[in-house]
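Below: one structure, written as structure tokens.
The values are calculated or read from the model by the stated rules, or taken from the named source; none is laboratory data. Only a predicted model underlies this, so the values are computations on that prediction, with no experimental measurement involved. With ideal geometry, Cβ positions are generated from the backbone for all residues, glycine too; neighbour counts draw on all protein chains shown.
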Amino acid sequence: MFDAIRTTVVPLFKGRPRDPIPGHPCLSLQGLSKSFGGLDAVSGLDLQVMPGDRKGIIGPNGAGKTTLFNLITGVFPVTSGKVVLFGHDATKWASYDRVHLGMSRTFQVTNLFPKLSVMDNLLLAAQGLRAMKLAMWRFQSSYGELHGKCRELLEKVGFWDRRDVEIRHLSHGEQRQIEIVLGLATEPRLLLLDEPAAGLSTGESHEMAAFLNNLDPELAILMIEHDMDVAFAVVNTIAVLHYGELIEEGTTEQIRASEKVQKIYLGVD
Ligand SMILES: Nc1ncnc2c1ncn2[C@@H]1O[C@H](COP(=O)(O)OP(=O)(O)OP(=O)(O)O)[C@@H](O)[C@H]1O
Ligand SMILES: [Mg+2]
């Protein structure tokens, strides 16, 4: 009886693990599937992301890419299969528990406060993860520490000089970079990017690729991207989704040369 309480109830109060299990992939998807009614949006997908990996996910519209991110991040419950994060089976975890473990994401559509400054947007994002976020008051020193971390991050990514600029006054390309900076506020080890170059001009896309290539090499990145120039400039390996299935995975050169990919993804016969 006591054993049953200890093993089932106590862990609920202790919360989810906060540390990766050493030696495990950042992310391991095992037979992951999601159905919406009769539609298999993601189907029996196996995928691994190791520390420092830069992996792209490509595929035609409706291939299941965003759905896949929603499964990895816990927005949607899976239909079957497993999401293992840093060695922990996180399939049934809430999104915030996954973030605490070191996973962060950005969205396909812009998600910033346009009338707040770069710094204020970042402070809000960084504060969101703090245990004290619901406190009515807090010590001045905790703001100091938070501010210091945000400053450090903005300096690292080259935005410190624009910290007081309101988001709406930044270029579209800069706004998309700031979204990624917000994703870094929680100090992730795995970053999921959903089309970081969506809607950018060619010049802005090149800047985005350079920006991503300057991020900490230890950080693992899983990136959905339609813009092949950006994808090929940033990632080392690519997974190709088609109707929810992983049809090919390999280095950028292998994917470029793959007849299957050319036929199915690029529509070449
Ligand atoms: N919440 C939902 N309810 C029902 N069907 C959905 C839902 N979300 C996605 N779908 C369907 O699942 C399939 C995969 O959609 P998803 O948005 O994951 O594709 P995608 O690869 O991200 O496409 P895009 O390149 O256009 O962003 C589509 O057929 C879509 O209509
Ligand atoms: Mg999508």
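Among the residues of the stretch 70-79, is there at least one that is away from ligand 2 (no atom under 16 Å from the Cβ), at pLDDT 95 or above and under 30 Å from PHE159 (Cβ atoms)?
Checked against the condition, which is being away from ligand 2 (no atom under 16 Å from the Cβ), at pLDDT 95 or above and under 30 Å from PHE159 (Cβ atoms), the stretch 70-79 yields at least one hit.
Looking only at the stretch 81-108, count every residue that is surrounded by fewer than 21 Cβ atoms within 10 Å (Cβ to Cβ) and away from ligand 1 (no atom under 16 Å from the Cβ) and tell me the total.
Qualifying residue count, the stretch 81-108: 14.
Residue by residue, here is whether (1) in contact (Cβ under 8 Å) with a residue 60 or more places away in the chain; (2) farther than 27 Å from PRO22 by Cα holds:
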{"position": "MET50", "(1), (2)": "yes, no"}
{"position": "ASP53", "(1), (2)": "yes, no"}
{"position": "ALA63", "(1), (2)": "yes, yes"}
{"position": "PHE69", "(1), (2)": "yes, no"}
{"position": "ILE72", "(1), (2)": "yes, no"}
{"position": "PHE86", "(1), (2)": "yes, no"}
{"position": "PRO114", "(1), (2)": "no, yes"}
{"position": "VAL118", "(1), (2)": "yes, yes"}
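State whether the residues of the stretch 33-45 include one that is away from ligand 1 (no atom under 16 Å from the Cβ) and free of Cβ contacts under 8 Å to residues at least 60 places away in the same chain.
Looking through the stretch 33-45, none of the residues is away from ligand 1 (no atom under 16 Å from the Cβ) and free of Cβ contacts under 8 Å to residues at least 60 places away in the same chain.
Please indicate, with yes or no, whether at least one residue in the stretch 248-268 is modelled with pLDDT of 95 or more, surrounded by 21 or more Cβ atoms within 10 Å (Cβ to Cβ), of a type outside the set (Asp, Glu) and in contact with a strand residue (DSSP E or B) (Cβ under 8 Å, 6 or more places away or on another chain).
No, because not a single residue in the stretch 248-268 is modelled with pLDDT of 95 or more, surrounded by 21 or more Cβ atoms within 10 Å (Cβ to Cβ), of a type outside the set (Asp, Glu) and in contact with a strand residue (DSSP E or B) (Cβ under 8 Å, 6 or more places away or on another chain).
Restricting the search to the stretch 35-48, which residues are at positive phi and assigned to a loop (DSSP other than H, G, I, E, B)?
Result: GLY37, single match.
Taking the stretch 43-60 as the search range and keeping residues that are surrounded by 19 or more Cβ atoms within 10 Å (Cβ to Cβ) and within 17 Å of the chain's Cα centre (by Cα), which one is farthest from ARG189 (Cα to Cα)?
ILE58
Residue by residue through the stretch 202-231, note down the ones that are in a helix (DSSP H, G or I) and of a type in the set (Val, Ile, Thr).
Within the stretch 202-231, THR202, VAL230 qualify.
Taking into account only those residues within the stretch 174-211 that are among the hydrophobic types (A, V, I, L, M, F, W, C) and free of Cβ contacts under 8 Å to residues at least 40 places away in the same chain, which is nearest to VAL118 (Cα to Cα)?
Step by step, filter the stretch 174-211, then rank; the result is MET208.
Test each condition in (1) closer than 17 Å to ALA125 by Cα; (2) more than 16 Å from ligand 2 (Cβ to nearest atom); (3) in a helix (DSSP H, G or I) for GLU179 and report the one that comes out false.
Failing condition for GLU179: (2).
Would you mention how many residues in the stretch 23-34 are more than 16 Å from ligand 2 (Cβ to nearest atom), surrounded by 15 or more Cβ atoms within 10 Å (Cβ to Cβ), assigned to a strand (DSSP E or B) and not aliphatic (A, V, I, L, M)?
Qualifying residue count for the region: 3.
Run down LYS65, LYS115, LYS82, LYS92 and say which single residue is within 16 Å of ligand 2 (Cβ to nearest atom) and either modelled with pLDDT of 95 or more or among the small types (Gly, Ala, Ser) (or both).
Being within 16 Å of ligand 2 (Cβ to nearest atom) and either modelled with pLDDT of 95 or more or among the small types (Gly, Ala, Ser) (or both) holds for just one of LYS65, LYS115, LYS82, LYS92, which is LYS65.
Would you mind listing the strands (runs of 3 or more DSSP E) fully within the stretch 49-119 where at least 2 residues are small (Gly, Ala, Ser)?
So the answer is 80-85.
Can you say whether GLY199 is outside any helix (DSSP H, G or I), within 16 Å of ligand 1 (Cβ to nearest atom) and surrounded by fewer than 19 Cβ atoms within 10 Å (Cβ to Cβ), as far as the supplied structure shows?
Considered against the rule, which asks whether it is outside any helix (DSSP H, G or I), within 16 Å of ligand 1 (Cβ to nearest atom) and surrounded by fewer than 19 Cβ atoms within 10 Å (Cβ to Cβ), GLY199 comes out as yes.
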